[in-house]
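Right, one structure below, let's go through it.
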Amino acid sequence: RHYRRIGELDRQQARLEEGQRLEQDMQDGLGSQLDASLLRLERGQLPQPVLADVLRDCIADMRMTLDAAAPDDHDLTALVGNFRFRWDAQVQGSGIALDWRLDLGGDRMQARPGAALQLLRIAQEAITNAVRHAGAKRVAVRFERDGDALRLQVQDDGRGIAGWPQPRAGHGLRNMQARARRLGAELEVATGDPG
């Protein structure tokens, strides 16, 4: 009974910590985006079409966070499928083609809720950078199993990273690096000609 009780306390602590991480993530991401957008709207600096885009981004962000935090299923195939569905809808009509490849092997690949969200946030930031800053026509997104590890690759055919190899580090790259560290992952950023 004592060991079962300790196990239950450990699970409760893990749920509490995960809830705190989720709250912080939503506050840092969604909350910041809404605050900044509200300020611009109140100053008359946010036209209606831009506001609609901001709200679409916020809704997609919230749904991704809730999908990744669902307590019952952390199957990466399902999470990445939902992520893909939302991103395809977001870039539809933009003239940018998203080319997806999901190769997780035949077995289900599970992820801890916090790990799944960090991974999807890295993918989100990488795709956002390619779509908004690269002038790309095509963005390839790959989720591939490598033994017990997972490799995520986002590659575009755009103009590369300005100032490479020492670009002006924006928040996006720093956030991706911090998220990768939390996962115990490696993040490699490279520029090519093109992409």
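The values are calculated or read from the model by the stated rules, or taken from the named source; none is laboratory data. What you see is a predicted model; the values in this text were computed from it and never measured. Heads up, the Cβs are rebuilt from the backbone with ideal geometry, glycines too, and the neighbour counts pull from every protein chain shown. The area values use the complete protein model at the heavy-atom level, side chains included, leaving out ligands, DNA and RNA. Shrake-Rupley method; radii C 1.70, N 1.55, O 1.52, S 1.80 Å.
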* To do: Report, to the nearest whole %, how much of the accessible area of region 101-156 belongs to carbon and sulfur atoms, 1.4 Å probe, protein only.
  => 41 percent
* To do: Could you give the size of the charge dipole of region 78-125 about its Cα centre, using +1 on the Cβ of each K and R and -1 on the Cβ of each D and E, expressed in debye and rounded to the nearest 20?
  => 180 debye
* To do: Kindly sort Met62, Met109 by accessible area of their heavy atoms, largest first, with the probe set to 1.4 Å.
  => Met62, Met109
* To do: Taking H placed 1.01 Å from N in the peptide plane, check which residues at least 5 places from Ala97 or on another chain put their amide H under 5 Å from its amide H.
  => Arg138, Val139
* Asked: What accessible area per residue comes out for region 77-119, rounded to a whole number of Å², with a 1.4 Å probe?
  -> 56 Å²
* Three-way shape call for region 84-195 based on the alpha-carbon gyration tensor, with the a/c threshold at 1.5 -> oblate
* Asked: Is the shape of region 99-143 best called rounded, prolate or oblate, per the rule: a/c under 1.5 gives rounded, else a/b larger than b/c gives prolate, else oblate, with a ≥ b ≥ c the square roots of the Cα gyration tensor eigenvalues?
  -> oblate
